[in-house]
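Peer 1: Right, I'll just put the structure down here and ask away after.
The values are calculated or read from the model by the stated rules, or taken from the named source; none is laboratory data. Keep in mind the model is a prediction, meaning the values are calculated, not measured. Counting neighbours? That spans all protein chains shown, and the Cβs are built from the backbone with ideal geometry, glycine included.
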Amino acid sequence: MAPDASGADPRISASSIRLRKGGEPIVCLTAYTYPIARLLDDHVDLLLVGDSVAMVLHGHKTTLGASLEMMIAHGQAVMRGSAKACVVVDMPAGSYEATARQAVGSARRIVGETGCQAVKLEGGVAVARQIAAIVAAGIPVMGHIG
């Protein structure tokens, strides 16, 4: 999203979402497509492009059917359909677990090709090195444990 006439980015940032922890509730919904992002953008703080897209729109039995390319394509559509919401794109299984280098490369690709504000990945201690490396590369991460 381009800056507005004042030069400010009108989109909610990942850091502003983080600062609201424990304060004002954050409204987050999942979007996979341009039209849904357009409908939701005025009503949410955060749009998540979840790997559940593999099941919901592509007919896979699990989220393991989501590929990096699939997540990027849906992330691009959601970014085109929204102007205000912070957009977070899920990193699909297999795109970050092997090494910190793999994780950073995948995260950079997602952010670079979509323009999203953050990436999301699942795991705890097992992926702590990957999360630290992504954050050190300047990419905000939304964690998901469970």
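Peer 1: Quick check on my filter: what residues within segment 19-33 are in a loop (DSSP other than H, G, I, E, B) and over 13 Å from the mean Cα position of the chain (by Cα)? Break it down stepwise before answering.
Peer 2: Applying the first criterion (in a loop (DSSP other than H, G, I, E, B)) to segment 19-33 yields 20-27, 31-33.
Listed by number, the residues that qualify are Arg20, Lys21, Gly22, Gly23, Glu24, Pro25, Ile26, Val27, Thr33.
Peer 1: Would it be correct to say that Ile36 is over 15 Å from Thr114 (Cα atoms), part of a helix (DSSP H, G or I) and in contact with a Cys (Cβ under 7 Å, 6 or more places away or on another chain)?
Peer 2: On the way: over 15 Å from Thr114 (Cα atoms): yes; part of a helix (DSSP H, G or I): yes; in contact with a Cys (Cβ under 7 Å, 6 or more places away or on another chain): no.
The answer is no for Ile36.
Peer 1: Checking Glu122 against (1) at pLDDT 95 or above; (2) touching a His at 6+ places or on another chain (Cβ under 7 Å): exactly one of these is not met. Which one?
Peer 2: (1)
Peer 1: Just checking, how many residues over segment 42-55 are assigned to a helix (DSSP H, G or I), touching a residue at least 12 places away in the same chain (Cβ under 8 Å), surrounded by 13 or more Cβ atoms within 10 Å (Cβ to Cβ) and out of contact with any Phe, Trp or Tyr (no Cβ under 8 Å at 6 or more places or on another chain)?
Peer 2: Residues of segment 42-55 that are assigned to a helix (DSSP H, G or I), as a first pass: 42-43, 53-55.
Next, only the ones that are touching a residue at least 12 places away in the same chain (Cβ under 8 Å) stay: 42-43, 53-54.
Okay, now just the ones that are also surrounded by 13 or more Cβ atoms within 10 Å (Cβ to Cβ), so 53-54.
Next, from what is left, pick out any that are out of contact with any Phe, Trp or Tyr (no Cβ under 8 Å at 6 or more places or on another chain): 54.
Here the count works out to 1.
Peer 1: Of all residues in segment 52-106, how many are closer than 26 Å to Leu39 by Cβ, touching a Leu at 6+ places or on another chain (Cβ under 7 Å) and hydroxyl-bearing (Ser, Thr, Tyr)?
Peer 2: Number of matching residues: 1.
Peer 1: Also: The conditions are (1) surrounded by 18 or more Cβ atoms within 10 Å (Cβ to Cβ); (2) under 21 Å from Pro140 (Cβ atoms), and Met70 fails exactly one of them. Which is it?
Peer 2: The failed condition is (2).
Peer 1: Restricting to segment 21-43, name every residue that is within 14 Å of Val87 (Cβ to Cβ) and hydrophobic (A, V, I, L, M, F, W, C).
Peer 2: Scanning segment 21-43 gives Ile26, Val27, Cys28, Leu29, Ala31, Ile36, Ala37, Leu40.
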